[in-house]
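Derivation of every value follows stated rules applied to the coordinates shown; laboratory data play no part. This structure is a prediction, so every number in the text was calculated from the model and none was measured. Reconstructed Cβ throughout: ideal geometry from the backbone, glycine too, with neighbour counts over all protein chains shown.
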Amino acid sequence: MSGPEGTRSSRRSLQVKFVPDEDVLKHIADDAGTKVRKDKAQLSVSMKRLVKKLENISDNEAQEILEEKNYVAALGICAQDPVGNGSNISGGEVYSFQTPKRSSKMAELASELAQTPEQNVAPDHSKCPEKMAKTPQSSSNFMWAEIVWKCNLKKKEFVSTTPYRLRKRLAAPDPYLESESEYSASCSEEEDEEDQKEVSTVLSSQKTLGKTKAASTPPPRNSLAKKIKEEKMGNLVEEYFEAHSSSKVLTSDRTLQKLQKRRLNQQTLHDLLKKAPLAYAAEIRDLNQQHESLFSKWMLQLHLGFNIVLYGLGSKRDLLEKFRTSLLQDSVHLVVNGYFPSITVRSILNSITEEVLDHIGTFRSPLDQLEFIIKRFKEDSSLELYVLIHNLDSQMLRGERSQQILAQLSSLPSIYLIASIDHINAPLMWDQAKLSLYNWLWYETTTFSPYVEETSYENSLLVQQSGSLALSSLMHVLHSLTLNARGIFRLLAQHQLEKKDNPSYPGLSFQDFYQQCREAFLVNSELTLRAQLTEFRDHKLIRTKRGADGVEYLLIPVDGSTLTDFLEKEDEDV
Amino acid sequence: AHDFRSRSDDSEDTELRFITCQSLWNQIKSETEQIQEDLNKQLLDNLVSFLSRSHSQFQEKMTEWTCRMKFREIPTAALVLGVNVTDHDLTFRGLSDVLQDNITPYIALLEAKDCPGIKNLMQKLMGQLMNCDIDVDSLEDEDCVQVSQNRIRCSMSSLISWYESVTKKTDSETPSKKRNSSSRHWQSPPVVVILKDMESFTTKVLQDFIVISSQHIHELPLVLIFGIATSPMIIHRLLPHSVSSLLCIELFQSLSCKEHLSTIIDKLLLTSRFPFKLGEKVLQVLINIFLYHDFSVQNFIKGFQLCIVEHFYSEPLSVLCCQLVDVKKRVYSLSHDQCENIRRLPSFRRYVEKQDSGKQIELLTNDSFLKEETEKLLEDLHVYHENYVSILRCLHVFTSSLPKYPLGKQIRELHCACLENRVWETEEYESSLQLARMLNKTDLVTMLQQCVEILMSSSGKEFDKTVEKLKEFLTQFQNLEAEASQERDVSVSSQKELQKKTDLYHLQKTLLELKESRRSKKLTKFEMLRFEVVDYIDSLVRKYLVPADDRTLHEIMYFNAATVLRGHLNAAPRTALHTALNNPHWYLKNQALKCDGGGISNKAPDICIVYKLHLECGRLINLVDWLEAFSTVVMAAEEPNADAASSDQVDDIIHARFIRAVSELELLGFIKPSKQKTDHVARLTWGGC
C-alpha cells in the first residue's frame, strides 16, 4: 500500500519544484561550470527516481508473493522445529512435475564441481574402504542411467535400457557439454579408474552415456531433440500428457526369465531375508524408542476422545504390537490385521459382537450390526474396547462403506481406535464428515522397519505364489464334505491337471463330467451332481463358465501346482 | 487419571495437573456449548414458531388449511447452514431436542447415505417414527412393536394408519395419564421429517417422496425441514417446478461459521476467566486450519482441547495454571524440583538477570523467596492479561473502523498481531495511527465513548484514571463545539472585512495576513485534541499491549508448541514419506547416510535406493533393469573390490532384498503391477527427482 503512494509523492516533488527568485538570479549569474554541475544533479535525480520506481515495483511484487505465501508460512511454522518430523518440505517438492533441469543450473553445478573435484571424492571416502556415493541432486538423476550403462559394458548382449525420459534429456542439445569439454575430458580419465566403483561424476557419466546413446539409438534422438527444442522446457501440463499419451513404451524388452533366475517363493524369500542383516538396526531402535516414549500420551489422548493414526515410512506393526503388550494387557482389545487379504468390515464387526459383546446371532446387514454395537456401548458405559488396526488403508478396508462404518464405530466414546496407514494417498479416503467422526490425532512414526507381514500376502510379481493359502482352504472345505463329494472334486481336479499344459483349456463340460461321475459311481442322477456342484460353487471351489456353444464348463480356479499338492495330500489321507 | 501418572520422566503434581486440566476443559466445553446454544436460539425459535403455525392450521381444520390442502402444499423449512457440514449435526441435535420438547414427538432425521431409494427412505422414516412412538408410550411391548416394524409393509398408507392409531391413543390417554409430554404437544402433532443433507439426496428419491407425501398431506400433517449447505437455489435445481410447487418453503438462515468462531474466540480467549492462554503461533495455526481447510468450529474447539491437554501434559509447571485464588496455595506446595523448573524457564532467567545481585542469589538459592516472588509474578501476569484484553478491545474499536483495516478487521487478527511482537513497532500500527489522526469528530467521540464503556465494564483496577482521562477528552470535545461556533464568528467577520470595498494594495495585504495567520495557526483546537487522543491511546497500547512472550513466567499460562499442534491436526503423511525416502539421514542419524545436496548415499536403506532408481523412469519400469541397477548400487556399497565374475551373478540375497523393497513400494502406492508388458510395473506417481 505504501509502495504506490511513495512513487506518487516522489514524482510530485520532482515535478513541482519551487524555484525562488534568488536562485534564479544566482543561476543566471553563475558561470557555466556550476551549470553543468547542476544539470548533473538533475540527471542523478531522475536516475534516482527511476531506481526508486523499480524498487517500488519489486516491492509490490515481493508483497504479492508474500501474501501468496502467507498461508504456507502460517502453516509452515514448524520450519524451526528442531525435533523435526520432515514436514518442512514444501509441497512443490513432493508433488512436482518432472521439470527438466535448466542447463544453466547444471552448468553452474558442473563448474562448481570442476573447481573442486576433490569434493566428489570426500575425505572420508579414502578412510573407509567402502565407498559411498555423495551424489548431489542432479547427479543422482544419472545414477540409474549410469548403472545401466555399466551393465551394458559388462554384458554386451543387453540392449539399451535407458528410460525414455532420460534419453530425451540426454539427446537435448547441452550447451555446457561443449563449453566444459576440458573438464569432461579430465573426468573421463578418472572414470576409467573408477570403472568398478559406483561413483563417478555427473559429467563423465553423462558424456559417455551421450556417446553410447548416439551410437546405439540414433533415430529417436533426432526427432526427440527437435521436440525438445520446440518445447523449450515449457509447459508442465503438456509434458505430462506427452509422457502419458504415447502408447509406445520405451523400455527394454528384457524379462526375468532370461535372467536365469528361479522365481523365489514366499518361504525361500523369507529365509533369504532373514539371512540379510537389517541395516541401521541401532538407528531404527533409537527411532522406535522415541516413538515408544509416546505410549502413555497416546493412552491419555485416546481416553480423551481422540483417535490416533500413525503414518510414516516403515512397518508400524511392531510398534503397535509393543503398545498393545505394554499397555493393553489388562483391557479388552481387538487387533485387526488390515493387510490380510480377506479381511472385511463384516469380520471386524462380527468379532466385536461375538467376542466382545458375547452376542450370538446374525445380522441382516453391517449397518444393523453397527447399530446394535452402538446401542450396546451406549447402554453399558463400563464397556471399553481398544481397536488396533494395522493398515487401515488396505485394499479391503479402503472402500467408502467400510470407512464409514469404521468411522462411526470409532466415534463412540468408549471405543478407542489406534490405526496405521501407509499408502501415499491414504488420507484421500476420508472426507470432512468421516474425519470429524474419526477425530484423528496424527502421529508421525517413521520406523524404517521392513514391512514383513504386510507385504507377505501381496501378489508380488517377483514372488512365485506358493498357493499354500489356497491349498489349506481347499483342504479345509473338502474335509467337511462327504466321501462322494470329495470324489467328484478329485475327478475334476485330475482332469484339470491332465490338461494343465493347454493354456486355452476351457474346463470340463458338464455332460462329460456327468458321464465320468456316473462311471465312477459317484452320482446317480444329473440332479445330485448339480446339487453337489452348487455346493462347490458356494464355497468358491469351482467356477462355471458358459462356452460359445452354450455348454457349461467347470473349472477349479487354482493353479496347477496347488492342485498337485492337493491331490498328493488327498492320497495321503486315503 | 492414571494416564498422567504413568508418564515416567517427572512425577510432579501429575494428578493435580490432570484434575486442573479436566476441570478447565469441562468448563470450556460447557461454555462453548452455551455459546452454540445462544447463537442458535434465534434460529430455533423461528423454526419452532414456523412449525407451530403450520401445525395450528391443521389442528383447527380451518378454511385456510383446506384451501392449502387443495393445493397439496407441504409446509417446508429450508435451513441454510453453511459449508461446514460437520458442525451441522450439533445444530440438528439441538433442533430435534427443542422440537421434541415443544412441538411434536414425531421426528425423523434422515441422511442421504441411508436412503439410496424411496423404499429405504420409507423404511428408515417409519422405523424412526415408530421407535419414538415407543419412547413416548412407555415400553409396554417392545418386542411386539419390533417385530411388527419389520413386517409392516412400508407404505404411506400404513404410516397414516399408524399415525391415526397413535393420535387416537394419546387422545384417549391424555385425560387418564397425566403426562408432561402429552400436555405439551397438541392433539395431533405434526410429523417432522428432517433431511439433514438435502444436496446429497438423489433427485428421484426426493421427488417421489414429496409427491407421495403431498398426496396424503390431508391425512398426515407432515412438515419437512431441509438442511442445506450451499444456497437455497439448490432446491429449485434439484426439484422440477411440478414438484417444488408442492412445497410451501420458508427460508431460515443460520449464523455464519465465521461469526460463530469470532464469538468463540471472544468468549474463550479474550477473557480473563480461563487461566490457560494460546500463544500467537498456536492461535494462528488453529485459525488457519479453520479458514483454509474446513470452516468447522468443532474442529477449532477440538484443536483447543488438544492445546489444553498438551500444555498440561508436557509442562510440569502448568500446575500453576489455575485461577488466581488457588495460586497461592499451589505455589507454596511446590517441591524443590518444581522450583528448579521455574528457575529453568527462559523468561524467568531473563527476569533474574535484570535484578540486582543480592536478589539474584536469593532467587536462585532460596526456595521460599522464590515462591513468594513467583506468586507475585503470577499475580502480575493475571493483572496483565486483564488489562491486555480491555486495551485490546479499545484499540480494536479504533482500528476496526479505519479504511483498509491496516491492523485487520477482526479482533482476532489484532490479537495475533499484538501477541506476535510489539505491535507499536510494526508498520501497520504506524499507518493505522496516521489514519486515526484523520478521523472526524463524531466518529472519534463515539469511539471514545465505546472505549469508556469497555474500560468501565472491565474488572481491571488500574483503569479508573484512564476512564477519567477519556471522559475529560469527551468533555473537551463538547466544549470544542461551543468554541467552534465562536470561532466561526471570527472567521465570518474576517470574511466580511474582505467584502468591504478596497483597493488592490489593501486586498493583497489582507490576503497575505490571512494566509500568514492560517499558516501559523495550522492546527485548530480540534486537531490538537485529536492528536492528544491518539497519542494517549498510543501510550496505553505501549503500556498494556506488551506481547506475552516478554512477560516473566508466561510459559506457565501460554501454550506455544505450534509445531506439535500442527503435526497432530494438520499432518502431511506424504511429505513424511518423501523425506524418509529421499533423505533417510533425517531419521537415521548415521554418518554413512549423511550427504549434501539432494542425492542419497548408496548405503541407504534398500527402499530408498529402489525409490530413487524408480524416480528416473517413465511410466513403466522394467523389473530386470531395476534389479540390475539395484544390485549394482548395493554391491558397490558392500564390496567395493568385488571382482567382475561375482558381480555377474546376482546374489540371491540381493534379489530377495530387491523383491522386498519393490513390494514395499507397491504397498506404499508408488507402483503397481502392469500387464502392458511382461515383467513391468507401472509408476503411479509422476515426476520428482
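A 27 angstrom limit on the alpha carbon distance is what I want to check against. Which of A:K375/B:K29; A:K322/A:K569; B:K302/B:K371; B:K41/B:K196; A:K434/B:K675 exceed it?
Listed pairs above 27 Å: A:K322/A:K569; B:K302/B:K371; A:K434/B:K675.
Diagonalise the Cα gyration tensor of segment B:518-637 and give the resulting equivalent ellipsoid semi-axes, square root of 5 times each eigenvalue, largest first, whole Å. The partial results should precede the final answer.
Details: eigenvalues 801, 84, 37 Å².
Output for segment B:518-637: semi-axes of 63, 20, 14 Å.
Taking a spot 7 Å from the Cα of B:L90 along the direction of its beta carbon, which residues of segment B:287-316 have an amide N less than 18 Å from it?
Answer for this model: B:287-309.
How many angstrom separate the Cα center of segment A:483-525 from the Cα center of segment B:16-43?
Going from one Cα centre to the other spans 72 Å.
Could you list B:C339, B:C115 in order of exposure, starting from the residue whose Cβ has the fewest other Cβ atoms within 10 Å?
Neighbour counts put them in this order, fewest first: B:C339, B:C115.
Points 7 angstrom from Cα along the Cβ direction at B:N46 and B:D535: gap in nanometres?
5.0
Please work out the FRET efficiency for the pair A:D318 and B:K168, using the Cβ-Cβ distance as r and a Förster radius of 45 Å; give the result to the nearest 0.05.
Working from the Cβ atoms, E equals 0.10.
Determine the alpha carbon to alpha carbon distance for each of A:K316/B:K124; B:K281/B:K543; A:K378/B:K124; A:K545/B:K119 and list only those over 32 Å.
Numbers: A:K316/B:K124 41 Å; B:K281/B:K543 23 Å; A:K378/B:K124 21 Å; A:K545/B:K119 35 Å.
Exceeds cut-off: A:K316/B:K124; A:K545/B:K119.
Fully extended, how many nm does the chain gain between B:T230 and B:W686 (0.36 nm per residue separation, minus their Cα-Cα distance)?
On the way: separation 456, 0.36 × 456 = 164.16 nm, distance 3.47 nm.
Extending this stretch completely gives an extra 160.7 nm.
Please report the net charge: other residues with Cβ closer than 14 Å to the Cβ of A:L383, K and R +1, D and E -1. Provide the component values of the computation, followed by the final result.
On the way: positive: A:K375, A:R376, A:K378; negative: A:E355, A:D358, A:E379, A:D380, A:E384.
Cβ neighbours under 14 Å give a net charge of -2.
Could you compute the FRET efficiency for B:S517 and B:Q434, with r as their C-beta to C-beta distance and R0 at 25 Å, rounded to 0.05?
FRET efficiency, B:S517 to B:Q434: 0.40.
Which whole number gives the average count of other chain Cβ atoms within 10 Å of the Cβ atoms across peptide B:553-559?
Partner-chain Cβ atoms within 10 Å, mean over residues of B:553-559: 0.
In whole angstrom, how far apart do the alpha carbon centroids of segment A:305-372 and segment B:202-247 sit?
Computed from Cα coordinates, the inter-centre distance equals 41 Å.
Determine the shielding of peptide B:292-305 by partner chains: average, over its residues, the number of Cβ atoms on other chains within 10 angstrom of each Cβ.
2
Can you pull the one-decimal nm distance between simple spin-label points at A:S326 and A:E519, each 7 Å off the Cα toward Cβ?
6.7
Suppose each label sits 7 Å from its Cα in the direction of the beta carbon; what would the B:E427-B:I249 distance come out to in nanometres?
Those two pseudo-labels are separated by 4.8 nm.
Taking the Cβ-Cβ separation of A:Q494 and A:E384 as r and a Förster radius of 56 Å, what is the calculated FRET efficiency to the nearest 0.05?
So the FRET efficiency works out to roughly 0.55.
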